[in-house]
Amino acid sequence: MTDRTQQAQETADIARLEIPSRDKRADLQVMDGTLGPSVIDVRRLYAQTGMFTYDPGFTSTASCESKITFIDGDKGELFYRGYPIEQLAEHSDFMEVSYLLLFGELPTAEQKEQFIHDIIYHTMVHEQISHFFRGFRRDAHPMAVMVGVVGALAAFYHDSTDITDPHQRMVASYRLIAKMPTIAAMAYKYSIGQPFIYPRNDLSYAANFLHMMFAVPCEPYAVNPVLERAMDLIFILHADHEQNASTSTVRLAGSSGANPFACIAAGCASLWGPAHGGANEAALNMLTEIGTVDRIPEYIARAKDKNDPFRLMGFGHRVYKNYDPRAKVLRKMAHEVLDELKVDQPLFDVARELEKIALEDEYFVEKRLYPNVDFYSGIILSAMGFPTSMFTVLFAIARTVGWVAQWNEMIEDPNQKIGRPRQLYTGPTRRDFVPIDQRD
Ligand code: SDX
């Protein structure tokens, strides 16, 4: 039993549920966290009432207890292990943030040096893994390649698939963090018919990725330090985000005891959706389709039209009902990257005008829809030279550390068991089979 459940029993703060018409009642424990909403422990609800809770989309459901990331949607706050994302964005780097997410504390200088060494020296993949790519079409979406190749790592690294062994869990975690950029760059190189570029141990995590993405064997490639910093910052901002769809997918897959590579492949699959991590690609495609500022009202009207499935990509969020703090950092960074590259990105003007108009429109104000992490990231990534199809792949690289941190926490949580939701059944009641010659 975790300390939270214990404390709940000590405080005996009870939620009393009564359904007089059905002679049902339940006394349920209230549990408090350190930040954010308290929870009503409904684990005994079915035993006491024979009834389930009903919460499609989990709008009011806590699936677990976690110490990793906290979001306050009303205030627009995001903490990694208690540290505000703005401070980490300004003062930290992705390797240090990865250590923080994995182990819970900022590393000492010695711990950080060792962690960076251990990750950097595992960025190379076995040469045989390059053969996995040969089976894909060159024009395959790189996320399809990521789902395939990351899942296939389980067919390779048999020595780190025993999830009951803490050492093997950490080896798999390090391998995934280290190798995702290499696999991602290989997916890109394969799609453009260029040779794979090997990682370099003398470069930072972010610089190494840019090098593998954009270097060619024919000439030296110097990583632009402004782009290296921008890449590192984008990784920090996308590293973890509480129990979002892809993280919940990783936890649910992991709850059955599935191996870590299969779980992270499942996370990639979920992240790919345009309502989730695929929104950065969709947002840039939307801005491109809008094209010019004068066409913005037409798209705002479509986003508000209930009969039109069109949504403003990069806007809205299940948790944030205020500005996504990551979007604020990215909007500022977009200026810096575009200035550094001396890129005239008209879509940035469209994005800023779209944001301005939307935030003054009563539909968006009333529904508390603000730009999210995906609204500006595409503009930066496009200016940095990434094709739109790679945007969600970059999100997956960054989110891998959050996924493995949450996966490890789930396995170590004594309260966790295989995730197996129930349902509200509204299908046919019992009926007997009808032979085919008697069916009308
Ligand atoms: C990410 O969960 C996370 O933390 C995710 C993420 C992470 O780091 O892991 O933050 C990353 O996925 C960010 C979100 C990226 N997705 C998009 O930008 C896609 C566009 N956004 C929407 O699809 C939507 O806002 C969601 C999916 C993000 C959130 O949807 P919810 O919480 O289920 O909200 P909802 O669909 O119930 O919307 C509430 C209302 C609805 O209108 P009503 O039915 O109440 O009349 O707001 C409307 C929606 O129609 N609405 C939008 C809108 N988003 C919501 N209307 C127009 N444009 C939008 N973008």
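For first residues located in region 369-380 and within 12 Å of M286 (Cβ to Cβ), partners that are near the ligand (Cβ under 6 Å from one of its atoms) and open to solvent by less than 10 Å² (accessible area, probe 1.4 Å) and lie 6+ apart or on another chain with Cβ distances below 6 Å form the pairs D374/A279; D374/G314; F375/G314.
Just to be sure before I move on: is A8 open to solvent by less than 90 Å² (accessible area, probe 1.4 Å), in a helix (DSSP H, G or I) and at pLDDT below 95 in the structure I sent?
Values: open to solvent by less than 90 Å² (accessible area, probe 1.4 Å): yes; in a helix (DSSP H, G or I): yes; at pLDDT below 95: yes.
Yes; evaluated as a whole, the condition is true for this residue.
Restricting attention to region 353-392 and to residues that are assigned to a helix (DSSP H, G or I) and among the charged types (D, E, K, R), the residue that is nearest to F209 (Cα to Cα) turns out to be D374. Looking across region 294-309 at every residue that is assigned to a helix (DSSP H, G or I) and either open to solvent by 80 Å² or more (accessible area, probe 1.4 Å) or in contact with a strand residue (DSSP E or B) (Cβ under 9 Å, 6 or more places away or on another chain) (or both), the one that is nearest to Y363 (Cα to Cα) is identified as A303.
Give D294, D308 a once-over and let me know the one that is away from the ligand (no atom under 16 Å from the Cβ) and not hydrophobic (A, V, I, L, M, F, W, C).
Values: D308 fails: away from the ligand (no atom under 16 Å from the Cβ).
After applying the criteria, what remains is D294.
In the set (1) crowded, with 24+ Cβ neighbours inside 10 Å; (2) closer than 18 Å to G314 by Cα, the condition left unmet by A405 is number (2). Only a single item in (1) under 21 Å from R251 (Cα atoms); (2) free of Cβ contacts under 8 Å to residues at least 12 places away in the same chain is not met by V147, and it is number (2).
For region 266-293, enumerate the residues that are closer than 21 Å to I418 by Cα and open to solvent by 10 Å² or more (accessible area, probe 1.4 Å). Of everything in region 266-293, those that are closer than 21 Å to I418 by Cα and open to solvent by 10 Å² or more (accessible area, probe 1.4 Å) turn out to be A266, A269, S270. Filtered by the rule that a residue be within 16 Å of the ligand (Cβ to nearest atom), open to solvent by less than 10 Å² (accessible area, probe 1.4 Å) and either of a type in the set (G, A, S) or in contact with a Phe, Trp or Tyr (Cβ under 9 Å, 6 or more places away or on another chain) (or both), region 235-260 gives F235, I236, H238, A239, D240, S246, T247, V250.
So for region 194-201 (the condition being more than 16 Å from the ligand (Cβ to nearest atom), open to solvent by less than 10 Å² (accessible area, probe 1.4 Å) and either within 25 Å of A155 (Cβ to Cβ) or in contact with a Ser or Thr (Cβ under 6 Å, 6 or more places away or on another chain) (or both)), does at least one residue qualify? There is no residue in region 194-201 that is more than 16 Å from the ligand (Cβ to nearest atom), open to solvent by less than 10 Å² (accessible area, probe 1.4 Å) and either within 25 Å of A155 (Cβ to Cβ) or in contact with a Ser or Thr (Cβ under 6 Å, 6 or more places away or on another chain) (or both). Only a single item in (1) under 27 Å from L101 (Cα atoms); (2) open to solvent by 90 Å² or more (accessible area, probe 1.4 Å) is not met by G36, and it is number (2). The residue that is nearest to W272 (Cα to Cα), among those in region 120-147 that are open to solvent by less than 50 Å² (accessible area, probe 1.4 Å) and small (G, A, S), is A144.
Could you list, in sequence order, all residues of region 218-234 that are more than 16 Å from the ligand (Cβ to nearest atom), part of a helix (DSSP H, G or I) and either within 30 Å of G36 (Cβ to Cβ) or not charged (D, E, K, R) (or both)? Talk me through it step by step, then tell me what you get.
So in region 218-234, the residues more than 16 Å from the ligand (Cβ to nearest atom) come out as 218-232.
Narrowing further to those that are part of a helix (DSSP H, G or I): 225-232.
Once the filter is applied, which keeps residues that are more than 16 Å from the ligand (Cβ to nearest atom), part of a helix (DSSP H, G or I) and either within 30 Å of G36 (Cβ to Cβ) or not charged (D, E, K, R) (or both), region 218-234 yields P225, V226, L227, A230, M231, D232.
Look at E96 and say whether it is open to solvent by 40 Å² or more (accessible area, probe 1.4 Å) and either out of contact with any Pro (no Cβ under 9 Å at 6 or more places or on another chain) or in a helix (DSSP H, G or I) (or both). Working first, answer last.
On the way: open to solvent by 40 Å² or more (accessible area, probe 1.4 Å): no; either out of contact with any Pro (no Cβ under 9 Å at 6 or more places or on another chain) or in a helix (DSSP H, G or I) (or both): yes.
So E96 does not fit the description; no.
The values are calculated or read from the model by the stated rules, or taken from the named source; none is laboratory data. Since this is a predicted model, take the numbers as computed values, not measurements. Because the Cβ atoms are built from the backbone with ideal geometry, glycine has one as well, and the counts that use them run over all protein chains shown. All accessible areas refer to the heavy atoms of the entire protein, side chains included, with ligands and DNA or RNA removed. Shrake-Rupley method; radii C 1.70, N 1.55, O 1.52, S 1.80 Å.
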